[in-house]
1. Write out the GluC sites (Glu not before Pro) in segment 1-73 meeting two conditions: DSSP loop, and at most 13 other Cβ atoms within 10 Å of their Cβ.
2. Put a dot 7 Å past each Cα toward the Cβ at E4 and K71; how far apart are the dots in nm?
3. How tilted is helix 32-41 with respect to the longest principal axis of the chain? Cα atoms for both, answer in degrees (0 to 90, nearest 10).
4. May I ask you to list the chymotrypsin sites (Phe, Trp or Tyr not before Pro) in segment 39-75 that are in a DSSP loop and have at most 13 other Cβ atoms within 10 Å of their Cβ?
5. Please go through segment 59-103 and write out the trypsin sites (Lys or Arg not before Pro) that DSSP classes as loop and that have at most 10 other C-beta atoms within 10 Å.
6. Show which lysines lie in cross-link reach of K58 when reach means a straight Cα distance below 20 angstrom and same-chain residues fewer than eight apart are skipped.
7. Could you state the orientation-averaged shadow area of the convex hull built on the Cα atoms of segment 61-121, in nm² to one decimal?
8. Percent of alpha carbon pairs in segment 3-131 separated by more than 22 Å?
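What follows is calculated from the coordinates using simple rules that are stated; it is not laboratory data. Every value quoted in this text rests on a predicted model; they were computed, and no experiment measured them. For neighbour counting, all protein chains shown are included, and Cβ atoms are generated from backbone atoms with ideal geometry for every residue, glycine included.
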Amino acid sequence: MDKEKLDKIIKDYKVQPVGNGYIDLIVSRDLFKQFVHELIENGFVIKSVSWWEWCANKDECKYGLGGPESKFYRGWFAELPIDVDDIELSDLTTEKAIENVIDLIDSKSIQYPDEIISFHESNWLTPAIWLDVPDNWINKFN
């Protein structure tokens with residue numbers, strides 16, 4: 001694994017890291033498929049997906065608890081108080097691993113008491129990728 005390559009991929013896809021590491025790499029809905037491809041094709045291991053609410057401009061979020069302002073877009077992200085979706089990809093081919101991550105994101109739905117939120121119907125629902133990298137890797141974006 002090449003940390004410099006990872007940082008370049010993050011910059012190229014306008015990914016918003018949360019904190020100093022490489023978990024909660026918030027990626028836009030428009031770029032997530034290409035980002036997943038790039039990561040897996042370059043040997044990076046995706047271990048989980050967390051979920052965030054995109055709040056355009058300075059709008060208040062309805063579901064999220066708070067989080068970072070976007071460095072690339074006008075608005076901010078609020079973390080959803082739900083479990084992270086873990087994913088096991090170690091025994092899969094590159095193509096199958098990519099397909100599994102994209103399918104996990106595309107098929108996401110969240111059950112709230114009064115409604116069901118789905119990735120396809122809620123344009124604010126945004127994924128964040130968690131990578132399995134050495135603990136001492138610090139991203140250069142915060």
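1. In loop regions of segment 1-73 (DSSP not H, G, I, E or B), the sparsely surrounded GluC sites (Glu not before Pro) are E60.
2. 1.8 nm
3. 20 degrees
4. Here the sparse-neighbourhood loop sites are F72.
5. Within segment 59-103, the qualifying trypsin sites (Lys or Arg not before Pro) (loop, at most 10 other Cβ atoms within 10 Å) are K62, R74.
6. Output for K58: K14, K71.
7. 5.9 nm²
8. 32 percent
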